[in-house]
1. Tell me, what ³J(HN,Hα) does each residue in region 18-24 have, in order and in whole Hz, if you take phi through Karplus 6.51 cos²θ - 1.76 cosθ + 1.60 with θ = phi - 60° and put x for Gly and Pro?
2. Using 0.36 nm per residue of separation minus the Cα-Cα distance, give me the extension gain between GLU20 and LYS50 in nm, one decimal.
3. By counting other Cβ atoms within 10 Å of each Cβ, how are ILE9, ILE74 ranked from fewest to most?
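What follows is calculated from the coordinates using simple rules that are stated; it is not laboratory data. Model, not experiment: these values are computed from the prediction. Cβ placement follows ideal geometry from the backbone for every residue including glycine, while neighbour counts extend to all protein chains displayed.
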Amino acid sequence: MKERAGRKIDAARRALDKTEARLKEQREQYGEESVEFVMPAFNRAKEAIKNAASLYETGDYQKAFEMAKDAARIAAHLKVYAPIAGKRSKVQMTDDNQLRLHILPPYKDDFKPKEKKDD
């Protein structure tokens, strides 16, 4: 289990690095607003990797493996969610590390009444 946990932590770190590169690319191309909805989930995944590494060092390999597995999954999802998250959508992370793309309701201005034509 020790080797398996170590490999999973390394894989999760690589996944986070790729996701971070994708987010940086998107930030440069579309501005800070394009990634602001994704960053809380990304930072939480980064923190999970740090916790997994500390658990690995203390010898709790099973728990470290599970945390790294969750962090890798989150990183992979964020890499996909980042391009579609925007002003009308938001990436949400639940307490059990599940990701959701929450589509915000349309603005009231989108449904302006049509002007009636005088006959």
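1. 5, 5, 4, 5, 5, 5, 5
2. Working it through step by step, the gained length comes to 9.3 nm.
3. Starting with the residue having the fewest Cβ neighbours, the order is ILE9, ILE74.
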